[in-house]
Structure formats: structure tokens, C-alpha cells
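Scroll down for the structure; my scribbles are underneath it.
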């Protein structure tokens with residue numbers, strides 16, 4: 001594309017990923033930015049981990065997710081919605097594909113993609129999703145879980161941080177919960193997650209220290225993801241894994257607490273235990289794999305803040321209790 005444009009313009013690409021345990025929606029943004037060279041520009045791709053909610057128990061979740069991605073405030077002719085369906089149930093596939101066709105008939109550019117295996121689960125699906133030709137020109141990737149519904153102005157309020165500082169790799173937004181008062185368990189979860197956002201992430205951001213990616217409601221600079229080696233499936237916390245590797249390359253992270261994305265807390269003990277088990281065991285495994293590299297780094301994220309982020313995963317309910 002010729003670089004003679006008088007003004008910069010943004011375009012969004014929205015994407016989603018589903019597995020048998022629950023759907024995930026994602027949004028990808030394409031940015032064309034004026035350049036002194038004869039050509040330039042790029043796109044952003046967004047993706048996220050799966051929700052612990054069952055598709056059959058929450059049939060409208062995938063519709064809300066895809067609908068929210070399609071509703072991002074970007075010019076309609078510059079929005080691509082990519083849905084990566086990793087499910088094995090043909091009925092679920094049919095429903096998701098039907099939803100994609102619904103938005104396509106409303107004028108959205110929707111890409112429905114499937115793969116022939118589930119290698120790497122979520123991380124594998126995200127990695128595969130980044131390989132499509134229409135993603136290669138992307139500059140940023142925005143990530144949303146299936147039960148997360150970003151406001152239409154989400155990209156407008158987050159992407160400028162990445163545009164104005166090319167060394168910022170991640171802009172992380174805050175989660176806002178739609179069911180915090182459903183049970184005692186959801187109230188406790190809200191308290192612990194509020195502490196995580198208000199104290200750990202806000203403090204880390206204000207001090208330019210490392211803090212982990214939460215796996216959703218964030219926008220990545222794709223060049224930082226590529227420099228760090230992309231998504232990896234070596235642990236169950238691919239979001240933290242990516243953040244650590246990007247941080248070790250010297251990139252910066254920003255937390256914006258005034259940008260909130262609605263989400264749903266696990267409302268049954270089984271789902272909560274599975275979530276906490278994955279977070280805790282994954283973080284411990286990642287610490288084992290990266291501890292030496294973190295300690296020996298001479299540039300990039302501070303070892304103390306990185307160790308703190310990795311080791312502060314203390315579930316309220318032990319997975320074996």
C-alpha cells in the first residue's frame with residue numbers, strides 16, 4: 001500500500017477460538033500508519049484462552065463474544081473477524097459457523113477457521129491462527145476470552161499506548177465482573193482479583209516493572225510476540241509464558257485500570273478448582289523452566305518483579321482438596 005496517505009487510519013480484525021470446554025473470542029486490529037518510506041502499515045490480531053463455562057450451559061456466550069468483537073468501533077470496511085474453532089463436536093461447529101455467517105450477512109468480513117488436530121490446545125490454536133496470510137501484516141493483537149465483552153471503544157482507548165511508544169509490548173485492561181454477588185465463592189474471587197489488578201498490576205505498571213499478561217482483555221504488539229518466539233504450549237499458562245519471554249527481551253508493559261472489560265467468574269467449585277490448578281501448576285512449571293534465565297538476565301524485566309509474578313499464585317481452594 002502506498003505510503004502517501006495524508007492521515008493515519010486504523011482497521012480492526014476480530015477473531016475467536018473455541019474448544020470443547022468453552023468458546024473464546026478474539027479481535028484483531030489492522031493499523032495503517034503514515035510512513036516516510038514508500039510503503040508501510042500493518043495489522044493487529046487478537047486471541048484469548050478458553051472459558052471454563054460449558055457451551056451447552058451458556059449457549060449465548062459465543063454469540064456475545066463474536067458480537068462484541070464485531071462491534072468494536074472501527075470502520076466496517078477495515079474489520080476482519082476470525083473465528084478459530086477448535087471444538088470436536090460437530091453441533092458446536094455448526095452453531096459457531098452459523099453465527100459467523102450471520103455477521104457476514106451484516107457486512108462483516110468474517111473468517112471461520114478450523115484445524116485438523118488439537119495439538120497444544122489453546123496455545124496451539126492461537127499459534128496456528130497467527131500463521132494465516134491476512135494476519136501477517138498485523139501490528140497488534142487484542143485478546144478476549146469467550147465470556148469477555150469489550151466495550152466498542154476498547155481499541156480506541158488502548159492502541160494509542162502502543163502507537164506512541166514502540167517499546168510497549170502489552171496494554172492490559174482490567175476485568176469487570178457481571179456475577180460477583182452470585183455466591184460467597186464469587187465474592188471471594190472478586191476480592192482476590194481486585195487485589196491482583198489494583199495492587200500487583202497497577203503497582204508494576206507505575207514502576208515500569210514486570211507484570212504478567214492475564215490471558216485476556218489485553219492488546220499485544222505483534223512484533224514483540226514474534227521476537228519472543230510466539231505462543232508456546234510447554235506449560236498451562238501460555239499467557240504468562242509469553243509475557244516472561246517478551247519481558248526478558250526488554251519490552252515494556254502498561255496497565256490501564258480505567259479500561260474495563262466485562263467477564264464472568266466461575267460459579268461452581270469444580271470449574272474454579274480447575275482454573276486455579278491450571279494457574280498454579282502452570283506458574284510453578286514456568287518458574288522451573290525460566291528461573292535461571294530470569295536470574296541471569298542483564299537487560300529486560302527485573303528478576304524480583306518477575307519472580308513475584310510467577311510465585312504469587314495462591315489458590316483459595318487446593319486442587320487436591
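State which residue is modelled with the lowest pLDDT when the search covers only segment 214-228 and only residues that are within 19 Å of residue 120 (Cα to Cα) and in contact with a helix residue (DSSP H, G or I) (Cβ under 6 Å, 6 or more places away or on another chain).
It comes out as 215.
Evaluate segment 41-63: report whether one residue or more is surrounded by 22 or more Cβ atoms within 10 Å (Cβ to Cβ), within 24 Å of residue 222 (Cβ to Cβ) and modelled with pLDDT of 80 or more.
The answer is no, given that none of the residues of segment 41-63 is surrounded by 22 or more Cβ atoms within 10 Å (Cβ to Cβ), within 24 Å of residue 222 (Cβ to Cβ) and modelled with pLDDT of 80 or more.
If you check residue 107 against the conditions, is it surrounded by fewer than 24 Cβ atoms within 10 Å (Cβ to Cβ), modelled with pLDDT of 85 or more and over 24 Å from residue 217 (Cβ atoms)?
It is true that residue 107 is surrounded by fewer than 24 Cβ atoms within 10 Å (Cβ to Cβ), modelled with pLDDT of 85 or more and over 24 Å from residue 217 (Cβ atoms).
I'd like to know if segment 174-183 contains one or more residues that are within 11 Å of residue 255 (Cα to Cα) and crowded, with 19+ Cβ neighbours inside 10 Å.
Here is the first cut: in segment 174-183, the residues within 11 Å of residue 255 (Cα to Cα) are 174.
Pick out the ones that are also crowded, with 19+ Cβ neighbours inside 10 Å and you get 174.
Scanning segment 174-183, I find at least one residue that is within 11 Å of residue 255 (Cα to Cα) and crowded, with 19+ Cβ neighbours inside 10 Å, so the answer is yes.
Do we find that residue 101 is modelled with pLDDT of 80 or more and farther than 22 Å from residue 218 by Cα in this structure?
Values: modelled with pLDDT of 80 or more: yes; farther than 22 Å from residue 218 by Cα: yes.
Here the answer is yes, as residue 101 does meet what is asked.
Name the residues in segment 216-263 that are in a loop (DSSP other than H, G, I, E, B), in contact (Cβ under 8 Å) with a residue 40 or more places away in the chain and out of contact with any strand residue (DSSP E or B) (no Cβ under 7 Å at 6 or more places or on another chain), would you?
So the first thing to find is which residues in segment 216-263 are in a loop (DSSP other than H, G, I, E, B), and the list is 216-217, 228-237, 249-251.
In the following step, the residues that additionally are in contact (Cβ under 8 Å) with a residue 40 or more places away in the chain were identified as 216-217, 230-237, 249-251.
Matches in segment 216-263: 230, 231, 232, 233, 234, 235, 236, 237, 249, 250.
Is there a residue being under 30 Å from residue 250 (Cα atoms), over 15 Å from the mean Cα position of the chain (by Cα) and modelled with pLDDT under 90 anywhere in segment 155-163?
yes
Please go through (1) buried (at least 17 other Cβ atoms within 10 Å of the Cβ); (2) modelled with pLDDT under 90; (3) in contact with a strand residue (DSSP E or B) (Cβ under 9 Å, 6 or more places away or on another chain) for residue 208 and return the number of the only condition it doesn't satisfy.
(1)
If I filter segment 269-276 for residues that are surrounded by 21 or more Cβ atoms within 10 Å (Cβ to Cβ), out of contact with any helix residue (DSSP H, G or I) (no Cβ under 7 Å at 6 or more places or on another chain), assigned to a helix (DSSP H, G or I) and at pLDDT below 80, do I get at least one hit?
Checked segment 269-276: no residue is surrounded by 21 or more Cβ atoms within 10 Å (Cβ to Cβ), out of contact with any helix residue (DSSP H, G or I) (no Cβ under 7 Å at 6 or more places or on another chain), assigned to a helix (DSSP H, G or I) and at pLDDT below 80.
Any idea which of (1) modelled with pLDDT of 90 or more; (2) over 22 Å from residue 84 (Cβ atoms) is the one residue 203 doesn't satisfy?
(1)
The values are calculated or read from the model by the stated rules, or taken from the named source; none is laboratory data. Since we're looking at a predicted model, the values are computed, not measured. All Cβ positions, even for glycine, are placed from backbone atoms using ideal geometry, and neighbour counts span all protein chains on display.
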